[in-house]
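Asker: Input: one structure, supplied below.
Values in this text are rule-based calculations from the coordinates and carry no lab data. Predicted model only: the values in this text are computed from it and were never measured. Neighbour counts are summed over all protein chains in view; Cβ atoms, including those assigned to glycine, are modelled from backbone coordinates with ideal geometry.
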Amino acid sequence: MLIYILAFLFIFIACSGLTFLSYWIPKKLGFKKAGIILSTIVGVFFILLAISDFFEDELFSKNNARELLSKQEISLKDDFEILENESMSGIGDYYHTFTLKISNLDKNRIISEIKKTTNFTSDTIATDITKSTDYYEGEKVTQNYETKDEFIKELFEPQGEDYAPTWRKIRINKKENILIFEDVDE
């Protein structure tokens, strides 16, 4: 908790200092109006940056969802609805999940694509994909499988020493037109 408070104070002091300097330097050079305008622009920039980070989940859009899905070669042709979006982060950890209500055509097309993959397994318990390769330096691993309730497309990609690996899971509900995306960086 102390680390969070210190980090917040450092960021606040740095932003305030930069805003003050953007006013003070032009003022000392004889451009007081330019200093006011410049410091206002810098201050508004920092405020917008803080607000966008604070409201990240509320600002999540359909384009963001499409972009994240495309990284796993999933595309949605029809319109969809964002039912839920949540992200959490801590020191060294990041978790993002969203739930979409998709069309029946998209659902069936994605299920068909998952079933056509060469590594598709049906009605089995999937192995832990994170243990199938070196956690930091191994190769990209994909796993496509079916459980009792879902079709799942999973990706694990190490990013190198000192970096969290990419671990994404896309789940398609068999009974409903629901797609759940999970991104975990530990």
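Asker: Order by neighbour count: ASP162, ASP78, fewest other Cβ atoms within 10 Å first, most last. Mind showing how you got there, number by number?
Answerer: Details: ASP162 6, ASP78 11.
The most exposed by this proxy come first: ASP162, ASP78.
Asker: Please turn the phi angles of the stretch 164-177 into ³J(HN,Hα) values with the Karplus equation 6.51 cos²θ - 1.76 cosθ + 1.60 (θ = phi - 60°), one per residue in order, whole Hz, x for glycine and proline.
Answerer: Once rounded to whole Hz, the list reads 5, x, 8, 9, 10, 9, 10, 10, 10, 5, 6, 8, 10, 8.
Asker: Let me ask another. How many nm is it between the label spots at THR121 and LYS71, if each spot is 7 Å from the Cα in line with the beta carbon?
Answerer: Each label point lies 7 Å from its Cα, and together they span 2.5 nm.
Asker: From the phi angles alone, apply the Karplus equation (6.51, -1.76, 1.60; θ = phi - 60°) to the stretch 105-121 and give each ³J(HN,Hα) in whole Hz, x where the residue is Gly or Pro.
Answerer: Along the stretch 105-121, the couplings run 5, 4, 4, 5, 5, 5, 4, 4, 5, 5, 5, 7, 5, 5, 9, 6, 10 Hz.
Asker: Continuing with this model, one more query. Got a sec? How would LYS148, LYS115, LYS33, LYS27 order by Cβ neighbour count within 10 Å, fewest to most? The partial results should precede the final answer.
Answerer: On the way: LYS148 6, LYS115 12, LYS33 9, LYS27 16.
Listed from fewest to most nearby Cβ atoms, that is LYS148, LYS33, LYS115, LYS27.
Asker: Let me ask something else. Gain in length, PHE46 to GLU137, computed as 0.36 nm per residue apart minus the alpha-carbon separation, to one decimal in nm? Present the calculation step by step, with values, prior to reporting the outcome.
Answerer: On the way: separation 91, 0.36 × 91 = 32.76 nm, distance 3.68 nm.
Gain on stretching PHE46 to GLU137: 29.1 nm.
Asker: Going by how many other Cβ atoms sit within 10 Å of their own, how do THR166, THR118, THR19, THR40 line up, fewest first? Don't skip to the end; give the middle numbers.
Answerer: Working: THR166 16, THR118 6, THR19 20, THR40 13.
Fewest-to-most ranking of THR166, THR118, THR19, THR40: THR118, THR40, THR166, THR19.
Asker: Taking H placed 1.01 Å from N in the peptide plane, check which residues at least 5 places from THR166 or on another chain put their amide H under 5 Å from its amide H.
Answerer: For THR166, the qualifying residues are GLU157, GLN159.
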